[in-house]
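One structure is given below, encoded as structure tokens.
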Amino acid sequence: MPDVIELAEVARQYDSTGTTALGPVSLTVPAGEALAVTGPSGSGKSTLLNLIAGLDKPSSGSVTVAGERIDRLSERGLARFRRDRIGMVFQFFNLLDDLTVLDNVLMPAQLTGRAGRAATARGGELLEALGVARHAKAYPGRLSGGERQRVAVARALVNRPDLLLADEPTGALDTASGAEVRELLVELNRSGQTVVLVTHDLALAEACASRRLLLVDGRIAQDRRTATANSAAAVAR
Ligand code: ADP
């Protein structure tokens, strides 16, 4: 399996405060893996996710994602990289309230100039697969938290990203909706999607991730592969 993520001696310092938010850390994530990043507040989880997403650049070291050295890209190159390669899901969904559910899902396709019949069909299929197709023409404000997160996942997947990044995807959900989104992430990973998630939700980390990284003070304190039901199923396939 090729590596989707390769970080080599990556560090991120903030000049203003002299804080080392992360590193140096080295990390490879092969295609198809589901990695959960855990750790106390301030341990560098968001910094790590932002570096992988191309939303931030390292102070030193190299960041290669989907075969591309993204730490060397211009702002424009990074925007293209994020659009084409990365799907992101956030704690508070980040849907646009004045667009319908389907238009929210199609937004990343529109940004790549791929809007059209094929994209609309893909958006519809994703909404169907995620169980929210009946809301396609509704506005996100009318949906429950769990439904909104499903829409956000559909939006993240519309451009078939190499990597799905999720930042506390169950953090704003009640127990039942959280369980639904957890199942959804497990299913996506089973179907081959590489996933990196930052979470405090141990049930999510346990159910979804075949590998768990613990960050403490910007360093990798633990990196464990776990034999979850998920990885057993993947091996059996
Ligand atoms: P986590 O996501 O685990 O809570 P972060 O990655 O947000 O941790 O932060 C790691 C460290 O970097 C913390 O000490 C935080 O205060 C610091 N930090 C994060 N962003 C900035 C910033 N923009 N300027 C200065 N320090 C920052």
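The values are calculated or read from the model by the stated rules, or taken from the named source; none is laboratory data. Everything numeric here is computed off the predicted structure, so don't read it as measured data. Cβ sites come from the backbone with ideal geometry, for glycine too, and all protein chains shown count toward neighbours. Areas reflect the complete protein model, heavy atoms only, side chains present, ligands, DNA and RNA absent. Shrake-Rupley method; radii C 1.70, N 1.55, O 1.52, S 1.80 Å.
Can you tell me, using C-alpha contacts under 8 Å and at least 6 residues apart, the relative contact order of region 106-237 as a whole percent?
18 percent
Roughly speaking, what is the stretch gain from residue 217 to residue 28, that is 0.36 nm per residue apart minus the C-alpha to C-alpha distance, in nm to one decimal?
Stretched fully, the residue 217-residue 28 segment lengthens by 66.1 nm.
Nearest 10 degrees, 0 to 90: what angle lies between the long axis of helix 101-111 and the longest principal axis of the chain (Cα atoms)?
Approximately 50 degrees, to the nearest ten.
Considering only protein heavy atoms and a 1.4 Å probe, what is the carbon-and-sulfur percentage of the accessible area of the chain?
Here carbon and sulfur together make up 49 percent of the probe-accessible area.
Can you give the relative contact order of region 28-79 as a percent, counting alpha carbon pairs under 8 Å and 6+ residues apart?
20 percent
For n ≥ 4 DSSP H runs only, could you compute -39500 (n - 2.57) per run for the chain, divide by its residues and tell me the 222 nm figure to the nearest 500?
The per-residue figure over the chain is -11000 deg cm²/dmol.
Where does the charge balance sit around residue 223 when Lys and Arg score +1, Asp and Glu -1, over other residues with C-beta under 10 Å from its C-beta?
Computed value for this residue: +4.
Rounded to the nearest 0.05, what FRET efficiency do residue 160 and residue 80 have when you use their Cβ-Cβ distance and R0 = 25 Å? All intermediate terms of the calculation are to be shown ahead of the outcome.
Working: r = 15 Å, r/R0 = 0.61.
In this case the efficiency is close to 0.95.
For region 10-57, what does the relative contact order come out to in percent, with C-alpha contacts under 8 Å and a separation of six or more?
Computed over region 10-57, the figure is 29 percent.
Residues with amide H under 5 Å of residue 194's amide H, sequence separation 5 or more or different chain, H placed in the peptide plane at 1.01 Å from N; which?
Placed amide hydrogens put 32, 164 under 5 Å from residue 194.
Full-extension gain between residue 137 and residue 41, please, as 0.36 nm times their residue separation minus the C-alpha to C-alpha distance.
That works out to 30.7 nm of additional length.
What number comes out for accessible area per residue over the chain if the probe is 1.4 Å? Units Å², please.
For the chain, the per-residue accessible area is 47 Å².
So if R0 is 41 Å, what FRET efficiency would residue 118 and residue 69 give, r being the distance between their Cβ atoms, rounded to the nearest 0.05?
0.85
Antiparallel as a % of all DSSP beta bridges within region 97-225, to the nearest 5?
Roughly 55 percent of the DSSP beta bridges within region 97-225 come out antiparallel.
Per 5 Å bin, what percent of the C-alpha pairs of region 59-209 does each bin hold, from zero upward?
2, 10, 19, 21, 20, 15, 9, 4, 1, 0
Tilt of helix 175-190 relative to the longest C-alpha principal axis of the chain, in degrees (0 to 90, nearest 10)?
80 degrees
Report the FRET efficiency, 1/(1 + (r/R0)^6), for residue 224 and residue 17, where r is their Cβ-Cβ distance and R0 is 45 Å, rounded to 0.05.
0.90
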